[in-house]
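Taking it in order: structure first as structure tokens, then the write-up.
The values are calculated or read from the model by the stated rules, or taken from the named source; none is laboratory data. Bear in mind that the values here come from a model prediction, so they are computed numbers and not experimental data. All Cβ positions, glycine included, derive from the backbone under ideal geometry; neighbour counts span all protein chains shown. All accessible areas refer to the heavy atoms of the entire protein, side chains included, with ligands and DNA or RNA removed. Shrake-Rupley method; radii C 1.70, N 1.55, O 1.52, S 1.80 Å.
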Amino acid sequence: MSHELFALLAESLQQTLIMVSVALAIATALGVPLGVILNAAAPGQLLPNAPVYRVLGAIVNATRSTPFIILMVALIPLTRIIVGTSIGTPAAVVPLTIAATPFIARIVEAALRDVDRGLVEAAQAMGATPWQIVVKVLLPESLPATVAGLTLAAVAMIGYSAMAGAVGGGGLGDLAIRYGYERFRADVMAATVAILIALVQLVQSGGDALARRLKHT
Amino acid sequence: MYLDGRIPMIELSGVEKRFATPSGEVAALRGVDLRIGSGEIFGIIGKSGAGKSTLVRCINLLERPSAGRVNVAGRELTTLGSGALLEARREIGMVFQHFNLLASRTAYRNVALPLELAGWRPRRIAERVLEVLEFVDLLEQRDRYPAQLSGGQKQRVGIARALAARPSVLLCDEATSALDPQTTASILALLKRINQAIGLTILVITHEMGVVASLCDRVAVIEDGLVVEQGPVAELFAQPRSATTRDFVTALEGMGSVTRTLRVAR
Ligand SMILES: Nc1ncnc2c1ncn2[C@@H]1O[C@H](COP(=O)(O)OP(=O)(O)OP(=O)(O)O)[C@@H](O)[C@H]1O
Ligand SMILES: [Mg+2]
């Protein structure tokens with residue numbers, strides 16, 4: 001492998017990692033509370049609130065059902081406001097984050113819903129407030145499922161980030177398009193695909209291992 | 001009413017509970033009156049669907065009665081606002097059939113949970129948790145997760161957790177129904193020991209007469225949302241008046257264990 005190719009791959013990998021990890025971090029920070037609210041407001045849950053559940057649910061569903069490539073283009077004005085430009089790695093973080101947040105919110109909502117009702121009842125019998133039930137029971141008990149879901153989100157985001165790269169976001173997708181496709185560099189294309197496969201494998205097995213450890217079986 | 005001269009710890013008057021279901025209204029409790037004395041072990045027995053769980057859940061207001069009054073340790077729970085109710089629930093320990101332990105917490109931290117919820121200081125929590133774990137003989141297992149404990153050990157964690165905040169009442173809903181006979185006997189012995197050691201009032205819900213025979217001072221038989229008979233266990237055994245009570249007694253005698261169980265535990 002030529003030195004030049006290696007440098008290109010290293011730089012693109014770094015851009016992809018930054019794009020995905022920053023977007024994942026922000027989306028988790030936003031998605032977890034959103035998931036908690038969705039769960040608590042759902043019918044029959046801790047603090048049922050039909051209007052809140054319906055409005056938030058509609059926003060989440062709308063975002064999730066918009067194809068990423070369209071979301072990306074539609075968000076260009078917003079990206080310009082937040083980042084100052086609509087091209088480059090930082091700019092790609094914005095649509096990635098916005099696509100991942102509702103995904104994570106639904107994951108968290110489902111993970112919380114799957115916590116045994118008996119545990120909530122036990123906490124209520126101990127005089128726990130709804131907030132205490134969320135913090136002390138629901139979130140810790142759903143952690144293995146949430147980690148498994150976040151792993152899923154991370155893998156999906158690696159795929160999206162390749163798409164973001166294609167419209168000027170940098171990263172491995174960008175590299176594959178510019179060199180592999182436009183300049184017929186089959187070696188670049190192959191190397192990029194190999195790195196993406198390895199990255200996804202790594203994330204998946206790391207996430208699986210963490211989720212298993214958190215299960216305490 | 002027979003209270004053996006004790007002051008009442010739990011008093012239910014005219015408690016009704018109706019559930020609205022798609023197929024109409026279900027009357028789970030249809031006017032229950034009960035007085036349970038301080039320091040008593042009181043049994044409530046009934047067949048499946050009789051309303052036992054609903055009754056016990058009405059005592060700590062996990063289920064709000066549709067009518068009637070609930071008084072625990074001199075406090076009228078049915079009149080309390082939500083904040084005061086949370087406070088009052090800490091006075092009432094509860095033990096569950098399926099243990100309901102947090103899988104994400106060790107035995108130690110499960111027992112610590114009610115104290116964390118009540119805002120105890122860490123040092124006091126540590127002292128108290130070790131104290132109750134020692135009482136239920138689980139000090140050695142304190143760092144194990146529920147998945148690494150046997151059914152009997154899980155229930156002892158559940159009991160330790162219920163005792164941690166020094167409640168004045170312990171409610172047990174089918175606490176031994178998921179356990180084998182030997183483990184059941186050890187859990188019943190533990191409940192007896194708790195009652196004798198600290199004079200805790202214990203309410204035991206069960207569908208097994210053997211549990212009542214070996215543990216309870218008095219028992220109420222509940223059927224279709226109504227108390228059909230109540231009194232000291234020995235009296236009920238000697239002269240069951242209702243058909244349901246007779247069924248329970250016969251079932252137990254059929255197993256040939258009534259005299260043995262009575263002798264062993266008392
Ligand atoms: N949340 C609810 N909604 C509707 N009906 C209910 C609800 N909870 C209980 N019921 C009904 O109330 C009646 C009494 O139920 P409960 O669970 O108290 O019985 P139980 O004596 O505890 O029975 P088991 O021995 O099977 O646990 C049943 O007919 C049940 O279907
Ligand atoms: Mg029941």
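Look at the stretch B:108-114: the mean tally of other chain Cβ atoms within 10 Å of its residues' Cβ atoms is 2.
Please calculate how many Å² of accessible area segment B:110-172 carries per residue, with a 1.4 Å probe and no DNA, RNA or ligand atoms counted.
On the way: 2730 Å² over 63 residues.
Normalised by residue count, the accessible surface of segment B:110-172 is 43 Å².
The orientation-averaged shadow of the Cα convex hull for the protein assembly as shown, equal to a quarter of the hull surface, comes to 29.3 nm².
Computed over chain B, the per-residue total of -39500 (n - 2.57) for DSSP H runs of n ≥ 4 gives a 222 nm mean residue ellipticity of -12000 deg cm²/dmol, rounded to 500.
For B:K192, the lysines whose Cα comes closer than 20 Å to its Cα, not counting residues fewer than 8 places off in the same chain, are B:K154. For the protein assembly as shown, the share of DSSP beta bridges that are antiparallel, to the nearest 5, is 55%.
Among B:212-222, B:194-204, how do they line up by average Cβ neighbours within 10 Å per residue, starting with the highest? Before the final figure, lay out the partial values.
On the way: B:212-222: 25.1, B:194-204: 18.4.
So the peptides B:212-222, B:194-204, ranked by packing, come out B:212-222, B:194-204.
Ranked by the mean number of other Cβ atoms within 10 Å of their residues, highest first, the peptides A:86-92, A:183-189, B:175-181 come out as A:86-92, B:175-181, A:183-189. Computed across chain B, the Kirkwood hydrodynamic radius from all distinct Cα-Cα pairs reaches 19.0 Å.
Helix-only estimate, please: 222 nm mean residue ellipticity of chain A, summing -39500 (n - 2.57) across DSSP H runs of length 4 or more and dividing by its residues, to the nearest 500.
On the way: 9 runs with 163 residues, N = 217.
-25500 deg cm²/dmol, from helical runs alone.
The apolar share of the surface of the protein assembly as shown, taken as the fraction of accessible area on carbon and sulfur atoms (1.4 Å probe, ligands and nucleic acids excluded), comes to 58 percent. Peptide A:140-153 shows a mean partner chain C-beta count of 1 within 10 Å per residue C-beta. Comparing A:I133, B:I198, A:G35 along the charge dipole axis of the protein assembly as shown, the residue lying farthest to the positive side is B:I198, per the Cβ-charge model. Seen against the Cα atoms of chain A and their longest principal axis, helix A:139-164 is set at about 20 degrees. Cα centroids of segment A:188-217 and segment A:1-78: 19 Å apart. Between B:G68 and B:E16, the built amide H atoms are under 5 Å apart, and every one of these is 5 or more places off in sequence or on another chain. Ranking B:A118, B:A160, B:L133 by how far each Cα lies toward the positive end of the dipole of segment B:100-166 (charges on Cβ) leaves B:A118 at the top. Based on C-alpha pairs under 8 angstrom that are at least 6 apart in sequence, segment B:1-91 has a relative contact order of 31 percent.
Averaged over peptide B:96-102, how many Cβ atoms belonging to another chain are found within 10 Å of each residue's Cβ?
If you average over the peptide's residues, the count of other-chain Cβ atoms is 5.
Report, in debye and to the nearest 20, how large the dipole of segment B:135-210 comes out about its Cα centre when Lys and Arg carry +1 and Asp and Glu carry -1 on their Cβ. Write out the running numbers ahead of the final one.
On the way: 8 positive and 7 negative charges, 57 e Å.
Dipole about the Cα centre, nearest 20: 280 debye.
For B:Y108, the solvent-accessible surface computed with a 1.4 Å probe is close to 50 Å², ligands and nucleic acids excluded. Counting only residues at least eight positions apart within a chain, or on another chain, the lysines with an alpha carbon under 18 Å from that of B:K47 are B:K17.
What is the magnitude of the charge dipole of the protein assembly as shown about its Cα centre, with +1 placed on the Cβ of each Lys and Arg, -1 on the Cβ of each Asp and Glu, and no other charges, expressed in debye to the nearest 20? Mind dumping the intermediate values first?
Numbers: 46 positive and 39 negative charges, 95 e Å.
So the magnitude is around 460 debye.
Once B binds A, the 1.4 Å probe can no longer reach about 1800 Å² of accessible area, counting both sides.
What size of dipole, in debye to the nearest 20, comes out for segment B:100-166 about its Cα centre when the only charges are +1 on Lys and Arg C-beta atoms and -1 on Asp and Glu C-beta atoms? Before the final figure, lay out the partial values.
On the way: 12 positive and 7 negative charges, 46 e Å.
It works out to roughly 220 debye.
What does the charge count around A:F6 come to, taking other residues whose C-beta lies under 14 Å from its C-beta (Lys +1, Arg +1, Asp -1, Glu -1)? Let's see the in-between values first.
Details: positive: A:R185; negative: A:E4, A:E11, A:D187.
Counting the neighbours of A:F6, the net charge comes to -2.
With a cut-off of 9 Å between beta carbons, the residues surrounding A:N39 carry a summed charge of 0, where Lys and Arg count +1 and Asp and Glu -1. How many angstrom lie between the Cα centre of segment B:182-257 and the Cα centre of segment B:111-128? Measuring centre to centre over Cα atoms gives 34 Å. Averaged per residue, segment A:1-56 has 55 square angstrom of accessible surface, using a 1.4 angstrom probe with ligands and nucleic acids left out.
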